[in-house]
1. For segment 119-133, indicate whether the set of residues that are at pLDDT below 95 and among the aromatic types (Phe, Trp, Tyr) is non-empty.
2. Is it the case that some residue within segment 191-205 is of a type in the set (Lys, Arg), surrounded by fewer than 20 Cβ atoms within 10 Å (Cβ to Cβ) and more than 20 Å from Arg95 (Cα to Cα)?
3. Within segment 180-204, work out how many residues are over 15 Å from Ala143 (Cα atoms) and either in a loop (DSSP other than H, G, I, E, B) or of a type in the set (Phe, Trp, Tyr) (or both).
4. Filter segment 79-92 down to the residues that are open to solvent by 20 Å² or more (accessible area, probe 1.4 Å) and not in a strand (DSSP E or B) and list them by number.
5. What number of residues within segment 171-196 satisfy the criterion of being in contact with a helix residue (DSSP H, G or I) (Cβ under 6 Å, 6 or more places away or on another chain) and over 24 Å from Leu71 (Cα atoms)?
6. List the residue pairs whose Cβ atoms are under 8 Å apart, where the first residue sits in segment 69-92 and is of a type in the set (Phe, Trp, Tyr), the second is open to solvent by 10 Å² or more (accessible area, probe 1.4 Å), and the two are 6 or more positions apart or on different chains.
7. Any idea which of (1) among the β-branched types (Val, Ile, Thr); (2) closer than 17 Å to Leu184 by Cα; (3) without any contact (Cβ under 8 Å) to a residue 60 or more places away in the chain is the one Ile136 doesn't satisfy?
8. Across segment 155-176, which residue is nearest to the chain's Cα centre (by Cα) among those that are within 22 Å of Thr124 (Cβ to Cβ) and open to solvent by less than 20 Å² (accessible area, probe 1.4 Å)?
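The values are calculated or read from the model by the stated rules, or taken from the named source; none is laboratory data. As the structure is a computational prediction, the values presented were derived from the model and not from experiment. Quick reminder, even Gly has a Cβ in these numbers, built from the backbone with ideal geometry, and neighbours come from all protein chains shown. Just the protein is used for accessible areas: all its heavy atoms, side chains included, with ligands, DNA and RNA removed. Shrake-Rupley method; radii C 1.70, N 1.55, O 1.52, S 1.80 Å.
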Amino acid sequence: MGVFALSLYHHCRRNFSFDHHYQSCRTLILQSAFESVRVQRLSHDDSGIVEVHLDRPEAKNAIGKEMLRGLQNIFESINRDASANVVMLSSSVPRVFCAGADLKERKTMNPSETRFFVNSLRSTFSLLEALHVPTIAVIEGAALGGGLEMALSCDLRICGEDAVLGLPETGLAIIPGAGGTQRLSRLVGKSIAKELIFTGRKVGGRDAMISQLLCSCW
């Protein structure tokens, strides 16, 4: 995983020119006050790589309020940091990228809180999509629901053969509310997108690459 992702980074670095004079901005993204999201900046030959690690093992990286605030804070900081060259979004939890929104937490929300959370999720993924540097989702294990929607917000997606991707929330009478219906159809076409959304079918890494959902599978 690391070698392939880093080779993608170095390709991006050769083809994108960024200002490196603002090293004082580095502290903006080295610190994270949110336990469920960690940030690491690589150095030496890999200088300019910002690794964002999802780290909520007790919930399979399900996105709750705290993780969402962390992601938003980190993406905003990266957007202000001129020394960042590329963002790699991955998981610190074995066999899972992100299980989607935290539905247990959502059950405790009233309708107003639910609308606010979904709107915040949508705006955070839009912020990720609009970052001024290339973004790579490194997927190992499950990327479901909001987890897949987050990966779809990145410029590139790579995964291992054990990856499982899908939007299964339709089985719970929930539509993909954080941009999945739009980004998925742009990426794979309306027909495949509708089939995946309507059925909630999950696909493995190889099948996802064939359908152009991924740029590579190792």
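1. no
2. Taking segment 191-205 as the starting set, the residues that turn out to be of a type in the set (Lys, Arg) are 194, 201-202.
Among the residues that remain, those that are also surrounded by fewer than 20 Cβ atoms within 10 Å (Cβ to Cβ) are: 194, 201-202.
If we keep only those that are more than 20 Å from Arg95 (Cα to Cα) too, we end up with 194.
The answer is yes, given that some residue of segment 191-205 is of a type in the set (Lys, Arg), surrounded by fewer than 20 Cβ atoms within 10 Å (Cβ to Cβ) and more than 20 Å from Arg95 (Cα to Cα).
3. So the count comes out to 2.
4. Initial filter on segment 79-92 (open to solvent by 20 Å² or more (accessible area, probe 1.4 Å)): 79-80, 82, 91-92.
Scanning segment 79-92 gives Asn79, Arg80, Ala82, Ser92.
5. Summing the residues that are in contact with a helix residue (DSSP H, G or I) (Cβ under 6 Å, 6 or more places away or on another chain) and over 24 Å from Leu71 (Cα atoms) in segment 171-196 gives 2.
6. Here the result reads Phe75/Leu127; Phe75/Leu131, each pair linking segment 69-92 to a residue that is open to solvent by 10 Å² or more (accessible area, probe 1.4 Å).
7. Just one mismatch for Ile136, condition (3).
8. Arg157
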